[in-house]
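A.B. asks: Here it is, the structure in full.
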């Protein structure tokens, strides 16, 4: 597999993102080919969609003020997180644990890092539909059959630092079911499914970086994934009752509230 970071100009609201990607790739001598995966930073996409909230325009609720004081956050920021989150479970200093788009994530995807001063950036709107739209547009302009991967960062329970998250996928199968296989000793594999999209997101995240790299796009070649049509969001998530982590978080939350 080969991954190439694509440096771009500073992404601004309502930019033609596909044009920026293809122009930057051409300038760097990179050619989009059949089977390639184009990984795009979620924040770049969110800014193109103008998913920006001005902190000074937000009036925090009393609940937001209490959470902000408890977890050392700005009340206006907490109010935005509360509005975006499907559920807030608690937190640690500078971060709230939330559920957003059926994903356990920090701050419901709301972030001030690499956002214009005084603003917070939300997650992209309709990420799966947008990934599919970008995939179709790239294919239309290049004549190539490609996949698209929207990448964000996440933290892992009891592990230091961030890794990549496949926030949305377009044009390739994101999970490989290993339950049809056997292990090295011929035993049937009972529960394992390989999160291909998340692994690719982590590889791209390594190149994109987390600060001022200005590399919001990664061209992935020879990823050995199965190209497909429109991807259903439900294919990459499981219910909280089936999740090793979320099941116990939800049980604890219910007990604390009862």
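The values are calculated or read from the model by the stated rules, or taken from the named source; none is laboratory data. In this text, all values refer to a predicted model and were calculated from it rather than measured experimentally. So basically every Cβ, Gly included, is an ideal-geometry build from the backbone, and we count neighbours across all protein chains shown.
A.B. asks: Given (1) at pLDDT below 95; (2) more than 23 Å from residue 155 (Cβ to Cβ), where does residue 126 come up short, assuming only one miss?
C.D. replies: (1)
A.B. asks: Hey, another quick one. Just for region 156-172: of the residues that are surrounded by fewer than 17 Cβ atoms within 10 Å (Cβ to Cβ) and in contact (Cβ under 8 Å) with a residue 12 or more places away in the chain, which one is nearest to the chain's Cα centre (by Cα)?
C.D. replies: Initial filter on region 156-172 (surrounded by fewer than 17 Cβ atoms within 10 Å (Cβ to Cβ)): 156-163.
Right, trim to in contact (Cβ under 8 Å) with a residue 12 or more places away in the chain and you get 157, 162-163.
On the way: 157: 17, 162: 12, 163: 10 Å.
Checked region 156-172; the qualifying residue nearest to the chain's Cα centre (by Cα) is 163.
A.B. asks: Now for a different question. What's the total number of residues in region 220-244 that are closer than 14 Å to residue 135 by Cβ and either under 18 Å from the mean Cα position of the chain (by Cα) or surrounded by fewer than 20 Cβ atoms within 10 Å (Cβ to Cβ) (or both)? Let's see the steps before the verdict.
C.D. replies: Keep residues of region 220-244 that are closer than 14 Å to residue 135 by Cβ, which gives 220, 225, 227-231.
Now drop any that are not either under 18 Å from the mean Cα position of the chain (by Cα) or surrounded by fewer than 20 Cβ atoms within 10 Å (Cβ to Cβ) (or both), which leaves 220, 227-231.
Selection size over region 220-244: 6.
A.B. asks: Please enumerate the residues belonging to region 202-220 that are in contact with a helix residue (DSSP H, G or I) (Cβ under 7 Å, 6 or more places away or on another chain) and either part of a strand (DSSP E or B) or modelled with pLDDT under 95 (or both).
C.D. replies: Within region 202-220, the subset in contact with a helix residue (DSSP H, G or I) (Cβ under 7 Å, 6 or more places away or on another chain) is 215-220.
Hits for region 202-220 are 217, 218, 219, 220.
A.B. asks: So for region 54-65 (the condition being touching a helix residue (DSSP H, G or I) at 6+ places or on another chain (Cβ under 6 Å) and within 30 Å of residue 226 (Cα to Cα)), does at least one residue qualify?
C.D. replies: no
A.B. asks: Can you confirm whether residue 214 is closer than 23 Å to residue 37 by Cα and out of contact with any strand residue (DSSP E or B) (no Cβ under 6 Å at 6 or more places or on another chain)? Quick ask: steps written out before the conclusion?
C.D. replies: Working: closer than 23 Å to residue 37 by Cα: yes; out of contact with any strand residue (DSSP E or B) (no Cβ under 6 Å at 6 or more places or on another chain): yes.
Judged against the criteria, residue 214 is a match.
A.B. asks: What's the total number of residues in region 14-42 that are out of contact with any strand residue (DSSP E or B) (no Cβ under 7 Å at 6 or more places or on another chain) and farther than 15 Å from residue 222 by Cα?
C.D. replies: Here the count works out to 12.
A.B. asks: For residue 68, are the conditions met, namely being more than 30 Å from residue 228 (Cβ to Cβ), in contact with a strand residue (DSSP E or B) (Cβ under 6 Å, 6 or more places away or on another chain) and without any contact (Cβ under 8 Å) to a residue 60 or more places away in the chain? Let's see the steps before the verdict.
C.D. replies: Numbers: more than 30 Å from residue 228 (Cβ to Cβ): yes; in contact with a strand residue (DSSP E or B) (Cβ under 6 Å, 6 or more places away or on another chain): no; without any contact (Cβ under 8 Å) to a residue 60 or more places away in the chain: yes.
So residue 68 fails the test.
Let's see how each residue does on (1) assigned to a helix (DSSP H, G or I); (2) at pLDDT 90 or above; (3) closer than 30 Å to residue 38 by Cα:
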position	(1), (2), (3)
225	no, yes, yes
230	no, no, yes
235	yes, yes, yes
251	yes, no, no
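A.B. asks: Name, by its number, the condition in (1) surrounded by fewer than 19 Cβ atoms within 10 Å (Cβ to Cβ); (2) closer than 19 Å to residue 52 by Cβ; (3) touching a helix residue (DSSP H, G or I) at 6+ places or on another chain (Cβ under 9 Å) that does not hold for residue 117.
C.D. replies: Only one criterion in (1) surrounded by fewer than 19 Cβ atoms within 10 Å (Cβ to Cβ); (2) closer than 19 Å to residue 52 by Cβ; (3) touching a helix residue (DSSP H, G or I) at 6+ places or on another chain (Cβ under 9 Å) is unmet by residue 117, namely (3).
A.B. asks: Of the residues 84, 9, 79, 74, only one is under 30 Å from residue 249 (Cα atoms) and either at pLDDT below 95 or within 19 Å of the chain's Cα centre (by Cα) (or both); which?
C.D. replies: Numbers: 9 fails: under 30 Å from residue 249 (Cα atoms); 79 fails: either at pLDDT below 95 or within 19 Å of the chain's Cα centre (by Cα) (or both); 74 fails: either at pLDDT below 95 or within 19 Å of the chain's Cα centre (by Cα) (or both).
The match here is 84.
A.B. asks: Oh, and also: Which condition breaks for residue 54 when tested against (1) over 25 Å from residue 149 (Cβ atoms); (2) crowded, with 19+ Cβ neighbours inside 10 Å; (3) within 23 Å of the chain's Cα centre (by Cα)?
C.D. replies: Looking at each condition in turn, residue 54 falls short on (2).
A.B. asks: Next question, about the same structure. Taking region 200-210 only, how many residues are surrounded by fewer than 16 Cβ atoms within 10 Å (Cβ to Cβ) and in contact (Cβ under 8 Å) with a residue 12 or more places away in the chain?
C.D. replies: Kept after step one, since they are surrounded by fewer than 16 Cβ atoms within 10 Å (Cβ to Cβ), are these residues of region 200-210: 206, 209-210.
Those still in the list that are in contact (Cβ under 8 Å) with a residue 12 or more places away in the chain too: 206, 210.
Residues meeting the conditions: 2.
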